[in-house]
1. With a ≥ b ≥ c taken as the square roots of the eigenvalues of the C-alpha gyration tensor of the range 1-49, please select rounded if a/c is under 1.5 and otherwise prolate if a/b is larger than b/c or oblate if it is not?
2. Listed highest first by mean packing, meaning other Cβ atoms within 10 Å per residue, what order do 14-20, 42-48, 24-30 come in?
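Laboratory data are not the source of any read-out in this text; all were calculated from the coordinates shown. Nothing here was measured: the structure is a model prediction, and the numbers come from that model. Counting neighbours? That spans all protein chains shown, and the Cβs are built from the backbone with ideal geometry, glycine included.
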């Protein structure tokens, strides 16, 4: 064992066709995107170095490594813009309040 700490972020989409269609934007989002939670926004690089972004079937996968990956970083990266964009079509349509 050993080596730098790593965090894997895996997003499952409906099928391989949708995963293939989303793969380029997913990678671009990890390579140059941000993480936002509440009013705080930071580049993905704050959480670690993006070492791999790939697709396996209907799964989109990103790997971050480095010392900052340990501790709170795994919780923060789930708010990365790349993840949010990849899953936004999976969320149910909200009904307006009072409507």
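1. Here the range 1-49 falls in the oblate category.
2. Most protected by this proxy first, the peptides run 24-30, 42-48, 14-20.
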